[in-house]
Amino acid sequence: MYRLFNTHLIRKEIALPDVWDLRVPGKDELKIPVPSCVETIPSLANYKGECVISTNKRFEGHCRLIFKGVGFNAEISVDGETLGTHYGAYGEFSFIIKNAEDKEHSIKVKCNNTYSEESTLHIPNDYYSYLGITRPAYIEKINEAYIKWIHITPYFKNGEWKLNAEICVENIEDFDGEYNLKLFITDSDSTVENFLSEISFPVQIKANSETRFNFTLNCPYIEEYKLNNPVMYFAHARLCDKQNKAFDDLIERFGFRETKVVGNKIFFGGEEIKIKGFNRHEDLADFGSSIPLAAMHRDIMLIKDSGANTVRTCHYPNDERFLDLCDEYGILVWEEGHARAINEERMRHKNFLPQSRLSITEMITNHFNHPSIFVWGLLNECVSFNEFGRSCYKELIDLIRSLDPHRPVTFASCHLKRDICLDLVDIVSYNMYPKWYEDEPCYDYVDDCIKYVKTHGGENKPFIVSEIGAGAIYGYRTNTNCIWSEEFQAEALEEQLTACFNHKDVNGVLIWQFADCRVDNTVDWSMRRPKTQNNKGIFDSYRRDKLAYKVVKDIFTK
Ligand code: ADA
């Protein structure tokens with residue numbers, strides 16, 4: 001299973017081998033598990049460049065070859081023929097293979113993590129751009145047409161729950177198709193019997209094209225999704241032939257809740273929420289960004305145990321299994337399109353908008369149904385202080401709203417007293433580091449920022465401190481309270497969090513950061529980051545807790 005529930009009862013999935021061949025120029029042939037980061041191989045721990053990861057698999061007929069994430073330039077070929085390329089480590093992509101012969105086929109993934117002029121989002125940065133097939137890859141067996149995606153939007157109207165379903169079906173044949181499309185809402189991913197709601201209607205799809213179908217269903221007798229009781233339901237879409245025999249299906253999981261901003265308050269499932277949480281990079285000691293499920297689950301346990309209720313997937317869309325866990329545990333998610341501190345020159349590059357649009361579109365198309373996602377984020381600390389930057393923010397925010405008009409939008413700014421894009425979003429968010437980069441009293445710093453926000457487009461909007469924190473090297477304990485010590489970090493966080501929670505206009509805080517992460521060692525980041533890590537985690541990269549953990553837990557559980 002590539003998700004934490006069945007996504008098909010009819011469409012067959014074909015697993016690919018667990019270990020593939022790896023070729024790196026100038027090295028002997030190696031093996032590599034899939035998924036994993038190439039950097040987990042000790043001799044390649046610092047490798048930047050190209051590699052080819054390949055395997056063989058028997059399949060036949062029409063198939064979809066799916067990659068949940070490849071870092072970060074990928075070229076895919078089957079039996080020596082290139083199917084296509086993909087940019088960006090954090091997005092799902094797939095290719096259709098038509099009429100494959102019944103034999104063993106060779107699958108090759110050429111990937112590269114070199115920063116080039118053409119790459120505007122993956123740049124030397126304060127996190128690491130890992131190489132390889134870092135998220136699951138597999139094959140789906142399809143027929144002449146298949147259900148590409150389902151988007152479910154539950155809403156409460158006139159005292160009743162209803163949902164809007166949009167279903168996208170693609171016909172991959174050279175002839176037009178006529179089918180019956182069915183949708184069952186159930187409380188199980190294993191059967192469509194005992195459905196709560198059902199709809200069925202004939203559809204026509206032109207040759208080699210996709211069509212979207214929209215409809216509304218009444219859903220009486222459902223249980224709402226609550227953070228402390230995260231009940232979820234399943235939408236089973238089925239495509240049937242003219243004899244009404246189902247030949248394809250797709251199952252999505254969702255919850256009945258709305259996420260809304262009303263004035264300066266954020267509501268989730270009808271209740272006002274106060275954000276208490278963490279920024280989390282997908283990075284784990286020894287494993288890089290390809291985090292095993294058990295380790296993702298441990299992160300969730302630690303987040304829960306700290307009393308936090310929210311995770312921000314800085315600064316890119318996450319592995320869906322982590323989002324599935326957040327759904328199951330009732331942890332709110334701020335999911336973010338890929339970007340961190342892109343300067344104006346890069347934002348002016350011809351690839352910036354196309355690469356950003358792709359990251360955002362993949363994120364929303366694939367993660368639309370996660371009930372825990374309460375806000376979409378974008379462009380962390382980019383150029384939101386001049387007209388050119390504003391035009392980029394505006395275009396991408398409009399894109400988010402066109403893909404999902406039902407969730408609020410935010411971005412994390414660091415431009416104290418000079419941001420000009422605050423009017424564009426539903427929630428204003430600021431990253432700030434008083435007591436770390438700025439030697440100023442925390443409360444005054446927060447207050448000063450809010451005063452500017454209120455007169456520059458952020459009036460009567462919720463305000464989140466999207467990053468705050470301080471660095472500490474795990475195990476460095478002193479009685480002088482000096483910088484980089486666990487004592488200093490614990491004290492800084494206590495003052496920072498207390499200041500934020502004491503301010504009446506703050507709707508929540510996200511600590512920078514959950515756990516230490518590797519930073520790029522090719523540029524000056526390494527100069528500013530002891531151990532070539534961003535050490536502001538309240539856990540180290542092995543998830544060993546620092547002194548600050550107890551302080552945070554005390555404040556979060558108060
Ligand atoms: C920024 C940024 C983070 C991280 C942090 C820091 O605000 O958004 O990615 O770099 O600062 O540690 O300085």
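What do the square roots of 5 times the Cα gyration tensor eigenvalues come to for the range 259-556, in whole Å, largest first, as semi-axes of the equivalent ellipsoid?
With the √(5λ) rule applied to the range 259-556, the semi-axes are 27, 22, 20 Å.
Leaving out ligands and nucleic acids, and using a 1.4 Å probe, what accessible area per residue does the range 12-141 come to in Å²? Walk me through the numbers before you get to the answer.
Working: 5140 Å² over 130 residues.
For the range 12-141, the solvent-accessible area averages 40 Å² per residue.
Please give the peptides 141-152, 398-409, 424-435 ranked by average Cβ packing (other Cβ atoms within 10 Å per residue), highest first, as a rough proxy for protection.
424-435, 141-152, 398-409
What is the calculated FRET efficiency for K451 to K245, with r their C-beta to C-beta distance and R₀ = 51 Å, to the nearest 0.05?
Using R0 = 51 Å, I get an efficiency of 0.20.
If we sort 86-99, 4-17, 314-327 on the protection proxy, mean other Cβ atoms within 10 Å, highest first, what's the order?
314-327, 86-99, 4-17
When the Karplus curve 6.51 cos²θ - 1.76 cosθ + 1.60 is applied with θ = phi - 60°, which whole-Hz ³J(HN,Hα) does each residue of the range 253-261 get, with x for Gly and Pro?
10, 8, x, 7, 7, 10, 10, 9, 10
With an 8 Å cut-off on Cα pairs and a minimum separation of 6 or more residues, tell me the relative contact order of the range 12-141 in percent.
Once normalised by length, the contact order is 36 percent.
I need the calculated FRET efficiency for the pair D28 and E178, taking r as the beta carbon distance and R₀ as 35 Å, to the nearest 0.05.
Between D28 and E178 the formula returns 0.05.
As I understand it, the value is the acute angle between the Cα axis of helix 387-403 and the longest principal axis of the Cα atoms of the chain; what does it come to in degrees, rounded to 10?
40 degrees
For L293 and R58, FRET efficiency with R0 = 25 Å and r from the beta-carbon atoms, rounded to 0.05?
0.40
Where only protein heavy atoms count, and the probe is 1.4 Å, what is the accessible area per residue for the range 173-258 in Å²?
51 Å²
What does the helix-only formula give at 222 nm for the chain: each DSSP H stretch with n ≥ 4 adding -39500 (n - 2.57), the total divided by the residues, and the result rounded to the nearest 500 deg cm²/dmol? Working shown, then result.
Details: 9 runs with 103 residues, N = 558.
It comes out at -5500 deg cm²/dmol, rounded to the nearest 500.
Quick one: if you take sqrt(5λ) for each eigenvalue of the C-alpha gyration tensor of the range 12-141, what semi-axes come out, biggest first, whole angstrom? Before the final figure, lay out each step's value.
Numbers: eigenvalues 127, 52, 30 Å².
Taking √(5λ) for each Cα gyration eigenvalue gives 25, 16, 12 Å.
In whole percent, and with a 1.4 Å probe on the protein chains, what portion of the accessible area of the chain is carbon and sulfur?
48 percent
Counting only residues 5 or more places away or on other chains, whose amide H sits under 5 Å from the amide H of W161 once H atoms are built in the peptide plane?
C219
Once both axes come from the Cα atoms, what is the angle between helix 352-367 and the longest principal axis of the chain, in degrees from 0 to 90, rounded to 10?
On a 0 to 90 degree scale, this one is about 70.
Rounded, prolate or oblate: pick one for the range 115-240, where a ≥ b ≥ c are the square roots of the eigenvalues of its C-alpha gyration tensor, a/c under 1.5 means rounded, and failing that, prolate if a/b is larger than b/c, else oblate.
Taking the square roots of the gyration eigenvalues as a ≥ b ≥ c, the range 115-240 is oblate.
Return the whole-Å distance between the Cα centroid of the range 476-490 and the Cα centroid of the range 270-304.
Answer, in whole Å: 25.
Mind pulling the angle between the C-alpha long axis of helix 486-502 and the longest principal axis of the chain? Nearest 10 degrees, somewhere in 0 to 90.
The helix 486-502 is inclined about 80 degrees to the chain.
Taking the Cβ of F368 as the centre, find all other residues whose Cβ is under 10 Å away and add up their charges (Lys, Arg: +1; Asp, Glu: -1).
Numbers: positive: R407; negative: E166, E252, D404.
So the environment of F368 carries a net charge of -2.
Relative contact order for the chain: what is it in percent, counting Cα pairs under 8 Å that are at least 6 residues apart?
Worked out over the chain, it gives 12 percent.
Greater than 26 Å separation of Cα atoms is the criterion. Which listed pairs, K226/K461; K48/K394; K110/K141; K276/K546; K260/K394; K276/K536, meet it? Display every interim value, and only then the final one.
Working: K226/K461 24 Å; K48/K394 34 Å; K110/K141 23 Å; K276/K546 18 Å; K260/K394 20 Å; K276/K536 17 Å.
The answer is K48/K394.
Mind putting together the pair-distance distribution for the chain? All Cα pairs, 20 Å bins, whole percent per bin, short to long.
Bin by bin from 0 Å, the calculated values are 21, 55, 23, 1.
The values are calculated or read from the model by the stated rules, or taken from the named source; none is laboratory data. Because the structure is predicted, anything quoted here is derived from the model rather than measured. No Cβ is skipped: glycine too gets one built from the backbone with ideal geometry, and neighbour counts run over all protein chains shown. What goes into the accessible areas is simple: the full protein's heavy atoms, side chains included, and nothing from ligands, DNA or RNA. Shrake-Rupley method; radii C 1.70, N 1.55, O 1.52, S 1.80 Å.
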